[in-house]
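The values are calculated or read from the model by the stated rules, or taken from the named source; none is laboratory data. In this text, all values refer to a predicted model and were calculated from it rather than measured experimentally. Cβ placement follows ideal geometry from the backbone for every residue including glycine, while neighbour counts extend to all protein chains displayed.
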Amino acid sequence: MTKRCLDEGIIQAYLDGELSQESAAEAGAHLSSCDACAALLADAEQETAFFAASFAPDAGVTVPTEILRARLSAAVAQLEA
């Protein structure tokens, strides 16, 4: 990689949409012309997809769950009695 290449933090920020509009445009232009950085972006996209799929089953779970909340309420009620 050359001095102008993007580091992993910038690539991740680009992927996450955390860069300013100007910085994102500069990064996008670089990514379209640099195979090394494009490969790093592809790796970051795969990692993000992997973790999103891994944590997807937990995304709909509320903490605490309704069952746990009911058990805790019953235990508190027993202590108060």
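For region 11-27, which positions are farther than 16 Å from residue 46 by Cα and assigned to a helix (DSSP H, G or I)?
21, 22, 23, 24, 25, 26, 27
Being surrounded by fewer than 12 Cβ atoms within 10 Å (Cβ to Cβ) and β-branched (Val, Ile, Thr) is the filter here; which residues of region 1-47 pass it?
The one that is surrounded by fewer than 12 Cβ atoms within 10 Å (Cβ to Cβ) and β-branched (Val, Ile, Thr): 2.
So how many residues does region 52-73 have that are surrounded by 10 or more Cβ atoms within 10 Å (Cβ to Cβ) and modelled with pLDDT of 80 or more?
The total comes to 7.
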